[in-house]
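The values are calculated or read from the model by the stated rules, or taken from the named source; none is laboratory data. Keep in mind the model is a prediction, meaning the values are calculated, not measured. So basically every Cβ, Gly included, is an ideal-geometry build from the backbone, and we count neighbours across all protein chains shown. Heads up: the accessible areas ignore ligands, DNA and RNA and are worked out on the full protein's heavy atoms, side chains in. Shrake-Rupley method; radii C 1.70, N 1.55, O 1.52, S 1.80 Å.
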Amino acid sequence: TNILWSFPQLQFRPKDTVLAALEAQAMSQVSDFDARNVVTLLSAFAKLAYPPQTHLMRRLEQHAYTEIELFDSQAVANLFWAFAKLGYKPGVDLVEAMEGCIERQIKSFNSQGISNMLWAWNKLHHAPGESVTQTILKRTFDLVNEFSPMGVANSLYGFSKLGVVVPPLLLDLFEKRAADTMAQFTPQSIAISLTAFRKLNHPLSRKTLDGFQRRAVALASITKASEKTTILGSLDRMGVTPSRDLITAYEAATNRAVSSLECDDALELLWAFARLGHRPSNNLFAALEEALASHINHIRSDDVAGVWWALARVRAEPSVGFTR
């Protein structure tokens, strides 16, 4: 476990053959693992994006169940996170035992532990029980001023996907936390937060919306196409017209990076502009047209109608070469 733990710390990923050898060694020694070993091993494999064989995962799950009373709050949060990252859904017995740990140890959970668990539950499509959900909500109230921008985003998105009814006061506090930490938001956390606030039916103040848009403008050059479409789409669904500065910044950034656009990214951007009724600049439209033409063999038949709809919506006349 110490060897595996060291690889992510050093930002080094060994060859799969090395990881497979360590996996086999872990399998032979799993009966000797304590709670810390189980969490360390699973977290390391998760960070290395190396899913162990199902047989080992089941043995680790069984071992975690027998050792559950020895898990502290961080270990429980990390265990849920690792299972989700590895795409492995643990059995009902272990999940119920882990939820029991959460309720008993809730006062020792920090904001990262809360956001990691909500993210993991969402990824695992796990609906927590009502009792543990209310326990998490109460602890979130206590810690709301300690959440990082990504923690705000993942927690809100987790609540929204799990169908949790979040008290309006807590949403107000999350909005204030977002406003206070706006300078630390990334394109990803902006996109996720806007989506979550919308799904939770929380109307953001004009000041907060302006803050999100100004931050998005500042990050336009490093914003992925998928993040641009999510941000523009969320604003549109909130009934907010994106600022001229944001549209201009996204146009300029997309124009510079258009050669690297995947087919779906080019389609989503075109549709995002169309939903807003915004006609891209001539240069950007020509660049999007070129990107789509280069991926023409990958455009699904259902999307062809969407392309024509978007062209009509923005009143852009495609070139003869593109229509052919």
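One table, with the values for the structure above:
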quantity: Percent of Cα pairs exceeding the 16 Å cut-off, where the set is segment 173-235; calculated: 35 percent
quantity: Alpha carbon Rg of segment 143-292, scaled by the compact-globule rule 2.2 N^0.38 Å; calculated: 1.06
quantity: Listed residue pairs exceeding 25 Å between alpha carbons, taken from Lys15/Lys161; Lys15/Lys228; Lys123/Lys207; Lys176/Lys199; Lys123/Lys176; Lys107/Lys207; calculated: Lys15/Lys161; Lys15/Lys228; Lys123/Lys207; Lys123/Lys176; Lys107/Lys207
quantity: Cα-centre dipole for the chain with unit charges at Cβ (Lys and Arg positive, Asp and Glu negative), debye to 20; calculated: 800 debye
quantity: Accessible area (Å², per residue) of segment 222-324, counting only protein heavy atoms and a probe of 1.4 Å; calculated: 54 Å²
quantity: Positive-end residue, the chain charge dipole about Cα centroid, Cβ charges, pick of Phe80, Asn255, Ser108; calculated: Asn255
quantity: Candidate aspartates and glutamates - alpha carbon under 13 Å from Lys138, same-chain residues fewer than 8 apart omitted; calculated: Glu103, Glu130
quantity: Estimated FRET transfer efficiency when R0 is 35 angstrom, pair Ser294-Asp16 (beta carbons, to 0.05); calculated: 0.60
quantity: Largest-first principal axis extents of the Cα set of segment 76-126 (Å); calculated: 28, 22, 14
quantity: Angle between the chain longest axis and helix 92-105 axis [Cα atoms, degrees, rounded to 10]; calculated: 90 degrees
quantity: Cα centroid separation, segment 265-315 to segment 226-249 (Å); calculated: 16 Å
quantity: Point-charge dipole on Cβ atoms (K/R +1, D/E -1) for segment 173-241, about Cα centre, debye to 20; calculated: 60 debye
quantity: Alpha carbon convex hull of segment 68-222, volume per residue in cubic angstrom; calculated: 103 Å³
quantity: Portion, in percent, of the accessible area of segment 62-215 that falls on carbon or sulfur, probe 1.4 Å; calculated: 49 percent
quantity: Tail fraction, Cα-Cα pairs, segment 239-324, threshold 19 Å, whole percent; calculated: 32 percent
quantity: Distribution of pairwise C-alpha distances over segment 88-179, 5 Å bins, in %; calculated: 3, 14, 28, 27, 19, 7, 3, 1, 0
quantity: Cα-based helix-to-principal-axis angle, 263-275 vs the chain, degrees rounded to 10; calculated: 60 degrees
quantity: Calculated log₁₀ intensity ratio I(q)/I(0) where the Debye formula runs over C-alpha points of segment 1-149, q = 0.20 Å⁻¹; calculated: -1.25
quantity: If the convex hull is drawn through the Cα atoms of the chain, its volume per residue in Å³; calculated: 158 Å³
quantity: Ellipticity estimate at 222 nm from DSSP helix runs (n ≥ 4, -39,500 (n - 2.57)) divided over the chain, nearest 500; calculated: -22000 deg cm²/dmol
quantity: In Å, descending, principal axis extents of the Cα set of segment 1-57; calculated: 29, 21, 15
quantity: Alpha carbon convex hull of segment 138-207, volume per residue in cubic angstrom; calculated: 80 Å³
